[in-house]
Amino acid sequence: MRREQIDVRQLLCLVVLHTVGSSVLYVPSAAAYYSKQDGWLAVMVAILASTGVAILYAKWLGTVPEKTIFDYIDNTLGKWLGSVLILLYAFVSFLDGVASLLSYLGSFLTTQIIPETPRMAVQAMFIVAVVIGLRLGMRTVARAGELFAIVMTITFVALTVFVFPQAKLDNILPMFEANGAAYSRTVIHYLSFTTLTLFSFWALYPQVNGNRGSKIRAFVIGHAIGGFFLFLMTFMCILVLGSESTARASFPSYMLAQKINIADFITRIEVLMATLWLTTLYFKMSMYFYFGIKALEHVLQLKDGRSLIFPWAIICTVLSLILYPNTSYQIWWDTRIWPVLAIVLYVCFPVGLWLISFLKNQVRELSK
C-alpha cells in the first residue's frame, strides 16, 4: 500500500474511534459483572492505567529509529525470526481483529435489529465497505474519521441526555463495595480490549505528520477521550439499568438506548446506539486490516499491498462465521484467553524487543 501521510488531528480522531470501537457494547457488562455497582469506578481506574500504557506506547513508537515498526523488529531479531513475529502479529490482527469484530457485528445485528437477514449477508456487506475504504487509501479513511468523530460525539451526548431521566441513584449505592481483585479484573479486561489493541497503530504512527511531542499528545489524548466515552456509557448503564441487569445483558448499551422515552414522543431510538457502534467498529476494523496488510507487505516485500485486501477480506469473512461456535465459547475466549494473549503479544514482546535493542546498542557502543 502506498505510503500516505495524515496529520495529528486525524490521528487523534482515529484513536478515539478505535478506543470506543467494540468496547462500547462490552465494557459496561464486564465492569458490572466483575465490580457490580462499582463498575463505573473500576472503569475510571482502568482509564488512568490505560492512559499510562498509551503514553509508554507512544513514547516507544517515537523512539524507534527505523522507518517502520516492522523494520525495527527485523533489525532487532534478525530477518527470519523477525518475519515470523511479524507474521504472527498479522495473523492475530486478521483473526482476532477483523474476523472477531465481524462475528460480533453479525451476532449483534441478526439478534437485535434484523433477525431475518442472513448473517453472512450482513457481514459481507460490512467488509465490502471496509475494503472500499482501504482501497481508497488510509488518508481517505482518516478524513472520514474526522467527520464521524463529530457524529459519534453528538450521538453520545444525545443518548446521555435522553436517557438521564430514567436514572436511579440507588443503582450505584453502596459505593466502594468491590474488592481489589474485582477492580483488577475490570482493569485487565479494559486494557486487553481497548488499550493493548492499539497495536494496530504501529503501522500508521510513522506516517503521521508532526513532531514527536504532538504525536504523543494526539495519541494519548485521543485514547483518554475514548476512555471517557466508555466511562460515561458504563456509568449510565449502571445508573439506569442497575448492575445486575447490565452484567447479564449481552449488549447493555443497546438496552440502555431502548429505555429512552421522552413524554411518549421520543421513543425507540435505539438505532442511534447501533449507528454509533457500527461507526466506531468500522474504523477499528479498518485499522486492524491496515496493520495486517502492511505487515504482509513488509514480509513479502511488496511495493503495494492493496492486491492483498480483497483475498484477505474473503478469508476473514469466512473465518468470522466459524470463529466462535457458540456464545459460551466466545465468553470463554474473551475472558480467559484473549487478556493473557494480549498481554504476551503487546506488553511482553514489545518490552523484550526494547531490551534486546537496548543491549545491542550497548554492546555496539562498548565495541567502538
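Tabulated results
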{"quantity": "The listed residue being out of contact with any strand residue (DSSP E or B) (no Cβ under 8 Å at 6 or more places or on another chain) and open to solvent by 40 Å² or more (accessible area, probe 1.4 Å), out of ASP71, ASP38, ASP96", "calculated": "ASP71"}
{"quantity": "Filter result for VAL347 (assigned to a helix (DSSP H, G or I) and out of contact with any helix residue (DSSP H, G or I) (no Cβ under 8 Å at 6 or more places or on another chain))", "calculated": "no"}
{"quantity": "Restricting the range 117-157 to residues that are among the polar types (S, T, N, Q) and part of a helix (DSSP H, G or I), the residue that is farthest from VAL271 (Cα to Cα)", "calculated": "THR140"}
{"quantity": "Sole exception among (1) within 20 Å of ALA249 (Cβ to Cβ); (2) surrounded by fewer than 22 Cβ atoms within 10 Å (Cβ to Cβ); (3) hydroxyl-bearing (Ser, Thr, Tyr) for THR76, by number", "calculated": "(1)"}
{"quantity": "Residue count for the range 102-146, restricted to those that are closer than 19 Å to THR19 by Cβ, open to solvent by 10 Å² or more (accessible area, probe 1.4 Å) and aliphatic (A, V, I, L, M)", "calculated": "1"}
{"quantity": "Selection within the range 160-172 - touching a residue at least 12 places away in the same chain (Cβ under 8 Å) and either surrounded by fewer than 14 Cβ atoms within 10 Å (Cβ to Cβ) or part of a helix (DSSP H, G or I) (or both)", "calculated": "THR160, PHE162, VAL163, PHE164, PRO165, GLN166, LYS168, LEU169, ASN171, ILE172"}
{"quantity": "Top-ranked residue of the range 176-210 - restricted to ones that are of a type in the set (Phe, Trp, Tyr) and within 15 Å of HIS18 (Cβ to Cβ), ranked as most open to solvent (accessible area, probe 1.4 Å)", "calculated": "PHE193"}
{"quantity": "Residue check for LYS284: among the charged types (D, E, K, R) and more than 17 Å from the chain's Cα centre (by Cα)", "calculated": "no"}
{"quantity": "Wholly enclosed helices (runs of 4 or more DSSP H) of the range 12-103 bearing at least 2 residues among the hydroxyl-bearing types (Ser, Thr, Tyr) and within 20 Å of the chain's Cα centre (by Cα)", "calculated": "23-35, 39-63, 79-93"}
{"quantity": "Residue list for the range 323-344, filter: open to solvent by 90 Å² or more (accessible area, probe 1.4 Å), hydrophobic (A, V, I, L, M, F, W, C) and not in a helix (DSSP H, G or I)", "calculated": "none"}
{"quantity": "In the range 173-187, the residues that are assigned to a loop (DSSP other than H, G, I, E, B) and either under 13 Å from ALA46 (Cα atoms) or of a type in the set (S, T, N, Q) (or both)", "calculated": "ASN179"}
{"quantity": "Entirely in the range 211-321, the helices (runs of 4 or more DSSP H) that have 1 or more residues that are over 26 Å from ILE114 (Cα atoms), open to solvent by 10 Å² or more (accessible area, probe 1.4 Å) and among the β-branched types (Val, Ile, Thr)", "calculated": "212-241, 271-299"}
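The values are calculated or read from the model by the stated rules, or taken from the named source; none is laboratory data. Model, not experiment: these values are computed from the prediction. Note: ideal-geometry Cβ built from the backbone for every residue, glycine included; neighbour counts use all protein chains shown. Side chains included, ligands, DNA and RNA excluded: accessible areas come from the protein's heavy atoms. Shrake-Rupley method; radii C 1.70, N 1.55, O 1.52, S 1.80 Å.
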